[in-house]
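Shown next, in structure tokens, is the structure this report addresses.
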Amino acid sequence: MAFRVPGRAGPPQPRRARRLLFAFTLSLSCTYLCYSLLCCCDDLGRSRLLRAPRCPRGPRADVPKVVPGPRPCDPPGPPPRAPAPRPAPANLSGSPRPGTKRLPQALIVGVKKGGTRAVLEFIRVHPDVRALGTEPHFFDRNYGRGLDWYRSLMPRTLESQITLEKTPSYFVTQEAPRRIFNMSRDTKLIVVVRNPVTRAISDYTQTLSKKPDIPTFEGLSFRNRTLGLVDVSWNAIRIGLYALHLEGWLRYFPRAQIHFVSGERLITDPAGEMGRVQDFLGIRRFLTDKHFYFNKTKGFPCLKRTEASLLPRCLGKSKGRAHVQIDPEVIDQLREFYRPHNIKFYETVGQDFRWE
């Protein structure tokens, strides 16, 4: 018979020992299961890393950033700065064109039917000249639009290039010299002149092609042919009074600032006349004999084709048209009328154009 000693535990009961063993075994099983699940999840995450980037909870200072671009899991915010784009070639459409629009430094101011279009087309070939192809009529018809509007019409030019425009009616517009002077007193002026009788016939021929019902050349030229009274109110006659119109220009511009081109020599010696134009503008003599050939059909010189341009540089169909046949006696009378005016013009400009 056994007796329990007070203060000392007796041997464990079998039921209690089994419970402790079961709890210990269960604890080990749970620990093993959790460890197995964690390992599986880690392997699965590593396999997904090969297909999609993981989203870190925060930046790690010890890991360098390899991909500079945005990642699918990045939080919303401004995108990273992209590398600077390469400049586009200058000849692509939409790219800014070089140069600046400037007010013209030189003007072809006259005269109508004297050869101004030929001078313009010839000088436009020069690499140091940029010219407006149309006639803006700013200083006679559109002066109220302002200089900013006028400048906007001009072609873009580099610092080394000259801006030029042509409007033949300026020469006979009374306000034109003062207006041009107010724009720039340094403006260079080019005047293309021609035998005033031939010029008047050419002027009439052009008008007749547009208005076939106008009076005859003789009827428009004279108030009284028997008395030899020429009608100077007719514009075709009045334009040929070169000395009269020149007086208004010399009030504002010195003679050295006005260059006169012979319309006749422009046909017989285009390289020589254009050489003097280039000298007057202060540019090198780029245009020479090799640039011109005589077009027998039109009756005046044209520019030869170049490698840079496949388009011929011949004037349009309206240039070189046959003149209206005029009574030789009418021509003689007009020559006598213009003679004193021509002589005065020769003396003023210091050049004999030999129109008599």
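What are the pairs, 6+ residues apart or on separate chains, where a residue within the stretch 266-290 that is closer than 18 Å to L164 by Cα and at pLDDT 95 or above has its Cβ under 6 Å from a residue that is open to solvent by less than 80 Å² (accessible area, probe 1.4 Å) and among the polar types (S, T, N, Q)?
Close Cβ pairs (under 6 Å, with a partner that is open to solvent by less than 80 Å² (accessible area, probe 1.4 Å) and among the polar types (S, T, N, Q)) amount to R285/Q278.
Taking L147, is it within 22 Å of R284 (Cβ to Cβ) and surrounded by fewer than 21 Cβ atoms within 10 Å (Cβ to Cβ)?
no
Scanning the stretch 193-235 for residues that are touching a residue at least 24 places away in the same chain (Cβ under 8 Å) and acidic (D, E), which turns out farthest from G110 (Cα to Cα)?
It comes out as E218.
Kindly indicate whether any position in the stretch 121-139 is in contact (Cβ under 8 Å) with a residue 60 or more places away in the chain, under 23 Å from Q206 (Cα atoms) and surrounded by 15 or more Cβ atoms within 10 Å (Cβ to Cβ).
Yes: one or more hits.
Among all residue pairs at least 6 apart or on different chains, which show Cβ distances below 9 Å where the first residue, located in the stretch 151-162, is over 19 Å from T134 (Cα atoms) and in contact (Cβ under 8 Å) with a residue 24 or more places away in the chain and the second is open to solvent by 80 Å² or more (accessible area, probe 1.4 Å) and of a type outside the set (K, R)?
L158/P98
Can you find, within the stretch 258-298, the residue that is nearest to N195 (Cα to Cα) among those that are open to solvent by 30 Å² or more (accessible area, probe 1.4 Å), in a helix (DSSP H, G or I) and not β-branched (V, I, T)?
By that ranking, first place goes to E264.
The values are calculated or read from the model by the stated rules, or taken from the named source; none is laboratory data. Predicted model, so just to flag it, every value in this text is computed and none were measured. Here the Cβ is made from the backbone with ideal geometry for all residues, glycine too, and neighbour counts use every protein chain on show. These area figures cover heavy atoms from the full protein model, side chains too; ligands, DNA and RNA do not enter into them. Shrake-Rupley method; radii C 1.70, N 1.55, O 1.52, S 1.80 Å.
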